[in-house]
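J.: Next up is a structure, given as structure tokens.
The values are calculated or read from the model by the stated rules, or taken from the named source; none is laboratory data. Only a predicted model underlies this, so the values are computations on that prediction, with no experimental measurement involved. Positions of Cβ are generated from backbone atoms using ideal geometry, with glycine treated the same way; all protein chains shown enter the neighbour counts. Remember, those area values only see protein heavy atoms, side chains included, never the ligands or the DNA or RNA. Shrake-Rupley method; radii C 1.70, N 1.55, O 1.52, S 1.80 Å.
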Amino acid sequence: MQQYLRLLNLRLDVVVNDITGLTGLRIVEAICQGETDAKKLASLRHGNCKKSEEEIAKALQSNNRGDFLFALQQELDQYQYLQKQINLCDEAMKKQLEDHIGQDDTKKALFTETKVHKRVNKNAPRDIDLNLVAYQYFDGVDLLAIQGVSHSTVLTLMSEVGSEGVKKFATAKQFASWLRLCPNKKVSGGKVLSSRTPKGSNRLKIALRQAANTIGNLKDNYLTSFFRRVCFRKGRSAAISATARKLAVIIWNMLVKHQPFTPPDQYEYLDQKRKRKVRELQKQLAKLE
């Protein structure tokens with residue numbers, strides 16, 4: 001739609017952030033219905049739009065090309081059809097989740113507080129409280145308490161492994177290895193020949209890597225500090241893989257061992273670092289004896 005709007009000399013993308021938003025769709029629908037007056041099109045502006053009607057009208061001086069207008073109508077019809085299909089998928093997803101949770105009275109009784117700091121993407125399923133549904137679906141485990149884990153990450157976890165799939169892995173290392181997030185070390189004669197992450201992917205691995213990338217852009221916290229330490233030594237790509245693996249381990253421990261996510265503060269991390277350094281020095285001294 002944006003391409004054909006430009007060919008019609010309608011620079012709607014300049015005056016609105018999203019042409020599929022409230023203001024954008026109103027104007028596009030009016031254009032497809034034959035409206036050519038820029039002032040009338042600008043009057044369809046939603047109250048939350050930052051640009052004034054005068055600014056919008058200046059960007060909507062059409063050349064009235066009939067072929068481009070026909071193509072724009074085709075694109076709008078396709079967009080509306082896809083939105084209808086997405087809404088049907090959301091309704092089916094909602095019914096599936098309600099059936100799964102409704103069979104267990106214990107899950108239905110669970111309740112958690114809303115998380116105002118978690119942004120809900122506009123493409124997320126509508127009419128579904130994903131914060132509460134995820135808490136009930138995973139038997140009271142609050143996966144959204146993890147920094148960087150979004151509603152889409154939790155939905156991907158539900159669709160790929162379900163509530164019981166993670167428990168089939170005996171250890172967190174096996175779960176991370178199944179996701180192909182563990183380095184595949186090749187050792188010969190005590191020498192490490194290669195330690196690259198094996199190739200291959202699945203939807204859950206992609207979702208965890210996206211969450212890891214988000215963690216790298218957050219403010220200072222436990223996972224962000226880990227991301228930046230790895231990024232400083234090995235680059236951002238390696239940091240995303242390492243943080244995604246760490247998320248997989250955290251999720252396994254939360255779902256299987258029911259351990260809440262309690263990240264240590266900076267002082268505890270420094271104490272752990274000192275203890276690790278002391279152990280390394282003790283091993284070196286033991287070899288010299």
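J.: Under a point-charge model restricted to the Cβ atoms of Lys and Arg (+1) and Asp and Glu (-1), what is the dipole moment magnitude of the chain relative to its Cα centre, in debye to the nearest 20?
T.: 2380
J.: Using helices alone, what [θ] at 222 nm do you get for the chain, with -39,500 (n - 2.57) per DSSP H run of 4 or more residues, divided over all residues and rounded to the nearest 500?
T.: Here the helix-only value at 222 nm equals -18500 deg cm²/dmol.
J.: In percent, how large is the relative contact order of segment 80-203, given Cα pairs closer than 8 Å and 6 or more residues apart?
T.: Reported relative contact order: 15 percent.
J.: For the chain, which whole-number percentage of the solvent-accessible area (1.4 Å probe, protein heavy atoms only) is attributable to carbon and sulfur atoms?
T.: Taking all protein chains in place, the chain shows 50 percent carbon and sulfur surface.
J.: In a Gaussian network model over the chain where Cα atoms closer than 10 Å are linked, find which of Arg11, Arg245, Arg126 has the largest mean-square fluctuation.
T.: Greatest mean-square fluctuation among the candidates belongs to Arg11.
J.: Roughly what would the spin-label model give for Gln174 and Arg11, points 7 Å off Cα along C-beta, in nm?
T.: 6.1
J.: Based on alpha-carbon centroids, what's the gap between segment 225-289 and segment 33-56 in Å, whole number please?
T.: Result: 54 Å between the Cα centres.
J.: At what distance in nm do the modelled label points of Lys58 and Asp139 sit from each other, each positioned 7 Å from its Cα along Cα→Cβ?
T.: Going by the 7 Å Cα→Cβ label model, 6.2 nm.
J.: Note down the nm distance, to one decimal, between modelled labels 7 Å out along Cα→Cβ at Asp77 and at Gln96.
T.: 3.1
J.: Based on the Kirkwood radius over alpha-carbon pairs, what value in µm²/s does the Stokes-Einstein equation return for the translational diffusion coefficient of segment 81-138 at 37 °C and 0.692 mPa s?
T.: Rounded to a whole number, D works out at 262 µm²/s.
J.: Rounded if a/c is under 1.5, else prolate if a/b is larger than b/c, else oblate: which is segment 89-183, with a ≥ b ≥ c the root eigenvalues of its Cα gyration tensor?
T.: prolate
J.: Sticking with this one: Once the mean 1/r over all distinct Cα pairs of segment 20-172 is inverted, what Kirkwood radius in angstroms do you read off?
T.: Mean inverse Cα-Cα distance, inverted, gives 19.1 Å.
J.: Charges at C-beta only: +1 for Lys and Arg, -1 for Asp and Glu. How large is the resulting dipole of segment 88-208 about its Cα centre, in Debye rounded to 20?
T.: With only Lys, Arg, Asp and Glu charged at Cβ, the dipole is about 1160 debye.
J.: Is segment 169-289 best put as rounded, prolate or oblate by its Cα gyration tensor, with a ≥ b ≥ c the root eigenvalues, rounded for a/c under 1.5, and otherwise prolate when a/b is larger than b/c, oblate when not?
T.: Cα axes put segment 169-289 in the oblate bin.
J.: Let me ask another. Here are some values of log10 I(q)/I(0) by the Debye sum over Cα atoms at q = 0.08, 0.13 Å⁻¹: (1) -0.55, -1.03; (2) -0.34, -0.91; (3) -0.42, -0.91. Which one was computed from this structure?
T.: Correct label is (1).
J.: In a shell of Cβ-Cβ distance under 13 Å around Gly47, excluding Gly47 itself, what net charge do Lys and Arg (+1) and Asp and Glu (-1) give?
T.: It works out to a net charge of +3.
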